[in-house]
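Before any comments, here is the structure.
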Amino acid sequence: MEQFRLRGLVAVVTGGARGIGAATVRLLDEAGAKAISLDISTGCDVSDEQAVGRAFADVEKQHGGIDILINNAGRANRKPATELSREEWDAVVELNLTAVFLCSRSAVPYMKRRGGGAIVNLASIMGFSGGIFPNASYQATKGAVVNLTRALALEWATDNIRVNAVAPTFVRTEFTTPIFGNPELVKRVMHHTPLGRLPEPEEIAAAIVYLCSPAARCVTGITLPVDSGFLAR
């Protein structure tokens, strides 16, 4: 259907080499966009403002502009707050929150030159919930992403730049290997999953691509849970 097509648009996906990011790159391409991954594994640290600036300039030079930004890169440090060092806290905040701000702010001039654009941030059910195990730095940053999404959506609406977020539940990727490798944690996760099944990375990517598409042209400032019912409890 045409309202879900992204023909001719240029998309940047942070953390696009693995997991949800890689699934998003694939689905954006299938929808007709040109998707470019910015990933630490290929030499771009998206928490480095100068590196982001150079990468975005290269994208415009090679592809003519930037229409879509997916802020997907993130990390977690799953340990009790009393055992979390300041350095560990800062590392999570830097990538999960500061990089989202830096990349979004850097993308705006490019989007303005194209007459508008779409930004989708990766939040989490942990942005709305205290969670089911200690993960304070992750939960704090994902809650901040939810409200940063609202703030930027209001600020940039007059520029025809929509800003939304997706809040996944637990998804089986390399990022969540420590969880899915622990049978007791998996049991706890499924206890809080009313549908009895968890989404695949491609299902999170589908929500992201929807929010980028013309079908969502009147949607901004929201965070869409893809959570198998976790937050309904």
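The values are calculated or read from the model by the stated rules, or taken from the named source; none is laboratory data. Since we're looking at a predicted model, the values are computed, not measured. We place every Cβ from the backbone using ideal geometry, glycine too, and count neighbours over all the protein chains shown.
If you go through region 52-81 and keep only what is out of contact with any Phe, Trp or Tyr (no Cβ under 6 Å at 6 or more places or on another chain) and aliphatic (A, V, I, L, M), you end up with 52, 55, 57, 59, 68, 69, 70, 73, 81. For region 45-55, a residue qualifies if it is farther than 16 Å from residue 120 by Cα and buried (at least 20 other Cβ atoms within 10 Å of the Cβ), and the qualifying residues are 47, 52, 55. Checked against the criterion of being in contact with a Leu (Cβ under 8 Å, 6 or more places away or on another chain), surrounded by fewer than 21 Cβ atoms within 10 Å (Cβ to Cβ) and of a type outside the set (Val, Ile, Thr), the candidates 196, 229 yield just one match: 229.
Among residues of region 49-104 being out of contact with any helix residue (DSSP H, G or I) (no Cβ under 6 Å at 6 or more places or on another chain) and of a type in the set (Lys, Arg), the one that is nearest to residue 33 (Cα to Cα) is 61. Take residue 118 and tell me if it is assigned to a strand (DSSP E or B) and either of a type in the set (A, V, I, L, M) or on the phi > 0 side of the Ramachandran plot (or both). Yes; evaluated as a whole, the condition is true for this residue. Pairs only if they're at least six apart or on different chains, beta carbon under 6 angstrom, first in region 211-233 and modelled with pLDDT of 95 or more, second outside any helix (DSSP H, G or I) and among the charged types (D, E, K, R); list them, first residue then second. Partner pairs satisfying both residue conditions: 220/162. Screening 107, 99, 118 for residues that are within 12 Å of the chain's Cα centre (by Cα), modelled with pLDDT of 95 or more and buried (at least 22 other Cβ atoms within 10 Å of the Cβ) leaves exactly one candidate, 99. Yes or no: region 79-86 includes at least one residue that is out of contact with any strand residue (DSSP E or B) (no Cβ under 9 Å at 6 or more places or on another chain), of a type in the set (A, V, I, L, M, F, W, C) and not in a helix (DSSP H, G or I). Checked against the condition, which is being out of contact with any strand residue (DSSP E or B) (no Cβ under 9 Å at 6 or more places or on another chain), of a type in the set (A, V, I, L, M, F, W, C) and not in a helix (DSSP H, G or I), region 79-86 yields at least one hit. Considering 81, 73, 140, the condition of being of a type in the set (Gly, Ala, Ser) and within 21 Å of residue 173 (Cα to Cα) is satisfied by 73 alone. Candidates are the residues of region 181-221 that are among the β-branched types (Val, Ile, Thr) and part of a helix (DSSP H, G or I); the one that is nearest to residue 19 (Cα to Cα) is 204. The one condition from (1) β-branched (Val, Ile, Thr); (2) surrounded by fewer than 22 Cβ atoms within 10 Å (Cβ to Cβ); (3) in contact with a Phe, Trp or Tyr (Cβ under 7 Å, 6 or more places away or on another chain); (4) in contact (Cβ under 8 Å) with a residue 60 or more places away in the chain that residue 169 does not meet is (2). Under the condition of being touching a strand residue (DSSP E or B) at 6+ places or on another chain (Cβ under 7 Å) and either under 21 Å from residue 51 (Cβ atoms) or not aliphatic (A, V, I, L, M) (or both), the residues counted in region 7-41 number 16. When we screen 165, 157 for residues that are part of a strand (DSSP E or B) and modelled with pLDDT of 95 or more, the only hit is 165. Of all residues in region 167-180, those being closer than 20 Å to residue 130 by Cβ and β-branched (Val, Ile, Thr) number 4. When region 12-28 is filtered for residues that are crowded, with 24+ Cβ neighbours inside 10 Å and on the phi > 0 side of the Ramachandran plot, only 15 remains. Which of the residues belonging to region 128-154 are of a type in the set (S, T, N, Q), surrounded by 18 or more Cβ atoms within 10 Å (Cβ to Cβ) and either in contact with a Ser or Thr (Cβ under 7 Å, 6 or more places away or on another chain) or assigned to a helix (DSSP H, G or I) (or both)? Result: 137, 139, 141, 149.
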